[in-house]
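Structure first, then comments.
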Amino acid sequence: MSNVFQRWLLYWHALFHRRFAAWLWQRVTLDDIPGRAAQLSYYFLLSLFPLLIFFSALLGYFFAAETRIEQRLLEYMGSAMPRAAFEVVKAATDDLLKTTGGGKLSFGLLLALWMASAGMEAVIEGLNVAYQVGEARPWWKRRLVALGLTVAVALLTGCAFGLALVGGWGGRFVLDLIGFSDIWSPLWRASQAIASILALLAAISLVYFAGPNLRARRRSQVILPGAVVALAGWLTASAGLRLYIDYFSTFGRTYGSLGAVIALLLWLYLTGAALLLGAEINSGIQVRLYEKPQ
């Protein structure tokens, strides 16, 4: 326990060093994080709808007692997205779910794995740049890593969605069974939210751990600080973007019907930017603590 505390204390001192912010800004500029985030938003857009089909089918298979599983999944996603962007996702997903019929699980699995693994390869390339390492793995090994990460991240994200979708029903059942529903219900909801956040944090941490080509520096690899910053930054940026577009934006007047699509792309852009920024922070802490003379 003391070793963990000491390590986090080192992380804290490195992150808030007087020169760290200037170093981070320089790396963000040199590594072209805005441009790479725009590239990731394209891949995220291609993989979003197949993944939604797969998630809805998978959750519907495991939680057959739950009705309207697709709509509840979309409503959960909509809480983190701008309303205009959510309407685009909802309309497209409803149409796809109607046309895929009974084979939507296999269709969604095959297409989502292929599209999302291509997106994951773009993420891996961005992480290599952030960690300042070259890609020495052969293409087939890199694709296998991308496929494995895609499946693992999908499962962890599915766990987060599952906790949000059916955790409330399970909590009410348990609390009613033991007779403490009035007392412990708020605590259960808080535990449910924390568990969902931890599942997302685990997904980001796994990408940071296995994605970049850091085999030679695996023992000293820094993961959690950047993952925490990435998740917190993504949640904050998503909430801010939702507030701005829903109440202050002129996208509708400027772009017309394309405003909703632009809002969706902007949200995906912020997602990629948060992921890459967390990797840059991890890289900076690692360099300062382990790869420079004290």
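The values are calculated or read from the model by the stated rules, or taken from the named source; none is laboratory data. Quick caveat: nothing in here was measured; it's all calculated off a predicted structure. Glycine gets a Cβ as well: all are built from the backbone with ideal geometry, and neighbour counts include every protein chain shown.
Yes/no per residue for (1) among the polar types (S, T, N, Q); (2) in a helix (DSSP H, G or I); (3) closer than 30 Å to Q26 by Cα; (4) modelled with pLDDT of 85 or more:
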site	(1), (2), (3), (4)
M120	no, yes, yes, yes
G126	no, yes, yes, yes
R143	no, yes, no, yes
A146	no, yes, yes, yes
C159	no, yes, no, no
- Task: Of the numbered conditions (1) over 30 Å from G284 (Cβ atoms); (2) modelled with pLDDT of 65 or more; (3) of a type in the set (V, I, T); (4) not in a helix (DSSP H, G or I), V89 fails exactly one; give the number of that condition.
- Result: (4)
- Query: If you go through segment 47-59, how many residues are over 17 Å from E87 (Cα atoms) and modelled with pLDDT of 75 or more?
  - Reply: 1
- Does F44 satisfy the criteria of being within 27 Å of G126 (Cβ to Cβ) and modelled with pLDDT under 70? no
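Per-residue answers, yes or no, for (1) among the basic types (K, R); (2) at pLDDT 75 or above; (3) crowded, with 16+ Cβ neighbours inside 10 Å:
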residue: L175; (1), (2), (3): no, no, yes
residue: D182; (1), (2), (3): no, no, no
residue: S185; (1), (2), (3): no, no, no
residue: A190; (1), (2), (3): no, no, no
residue: I223; (1), (2), (3): no, yes, yes
residue: A227; (1), (2), (3): no, yes, yes
residue: L241; (1), (2), (3): no, yes, yes
residue: I245; (1), (2), (3): no, yes, yes
- Item | The listed residue being at pLDDT 65 or above, over 27 Å from A237 (Cα atoms), surrounded by fewer than 14 Cβ atoms within 10 Å (Cβ to Cβ) and not β-branched (V, I, T), out of L110, L9 | L110
